[in-house]
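A.B. asks: Input: one structure, supplied below.
Just so it is clear, none of the values below were taken in a lab; they were calculated from the coordinates. Model, not experiment: these values are computed from the prediction. Cβ sites come from the backbone with ideal geometry, for glycine too, and all protein chains shown count toward neighbours.
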Amino acid sequence: MTIIPTSIPDVLIFEPAVHTDDRGFFMETYREEEFRRVTGCTRPFVQDNHSRSLRNVLRGLHYQIRQPQGKLVRVILGEIFDVAVDLRRASPTFGRSAGVVLSAANKRQMWIPEGFAHGFLVTSDVAETVYKATDCYAPEHERTLFWNDPALRILWPLAEQPTLAAKDAAGTPLASCELIG
């Protein structure tokens, strides 16, 4: 497994060693000991999620003000542009974002620690995204950061307006959102 840093030191890309032959491929997607050593995260993963989305769907930027979730995100079909925004008020990277392409082809995973908002844009015809979370989904604590807030300076690879859920279209700007920690 190769670890690739992003513009935010706590957000990491995991690139697995992929073993291919004429039968297909094999890769290890998670090893607890190595994950803990690299991330410093000692909380266990308690929930796995799987979503299927069509081209130009933008999900997020979601976070929980209580029961914050660390997420290990990967794509098993298609391609997404995955984004993490640091909402830890005492962090030197507060308000900054890191974005990366995750795809079934590149097999990379992005580690998004607790204290970050998370979202993604589907850049293929369809994408299936799976991720592990360090805490359970708690709708009463969920908040949505406005995906297109100019303060975030996210360079979404958009050719047109994205397809959004109502809660994502009504997100809160960074300047007035509830923060974590």
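A.B. asks: Can you find, among Ile112, Cys177, Leu145, the residue farthest towards the positive end of the dipole of the chain? Put +1 on the C-beta of Lys and Arg, -1 on that of Asp and Glu.
C.D. replies: The listed residue farthest towards the positive side: Cys177.
A.B. asks: What is the dipole size for the chain, taken about its Cα centre, with +1 at each Lys and Arg Cβ and -1 at each Asp and Glu Cβ, in debye to the nearest 20?
C.D. replies: On the way: 20 positive and 22 negative charges, 63 e Å.
So the dipole magnitude of the chain works out to roughly 300 debye.
A.B. asks: Here is a follow-up. Working out 0.36 nm times the residue gap between Val130 and Ser7, then minus their Cα-Cα distance, what length gain in nm do you get to one decimal?
C.D. replies: Contour length minus Cα-Cα distance gives 42.0 nm.
A.B. asks: For region 2-176, what's the relative contact order in percent, using C-alpha pairs closer than 8 Å and at least 6 residues apart?
C.D. replies: Taking the mean separation of contacting Cα pairs over the length of region 2-176, I get 30 percent.
A.B. asks: I've got another one for you. Give me the one-decimal nm value for the distance between modelled label points at Ser51 and Leu155, 7 Å along each residue's Cα-to-Cβ direction.
C.D. replies: Going by the 7 Å Cα→Cβ label model, 2.4 nm.
A.B. asks: What whole-number distance in Å separates the alpha-carbon centres of region 114-147 and region 1-67?
C.D. replies: 13 Å
A.B. asks: Considering only Gln47, Ile4, Gly70, whose Cα is most displaced toward the positive end of the charge dipole of region 2-176, charges sitting on Cβ of Lys, Arg (+1) and Asp, Glu (-1)?
C.D. replies: Ranked along the dipole, the leading option is Gly70.
A.B. asks: I would also like to ask the following. Within 10 Å, at most 14 other Cβ atoms, and a DSSP state outside H, G, I, E, B define an exposed site. Report the longest part of the chain free of exposed trypsin sites (Lys or Arg not before Pro).
C.D. replies: Longest run free of exposed loop sites: 90-152.
A.B. asks: With a cap of 10 neighbouring Cβ atoms within 10 Å, and only residues DSSP puts in a loop, list the GluC sites (Glu not before Pro) found in region 101-181.
C.D. replies: Answer by residue number: Glu160.
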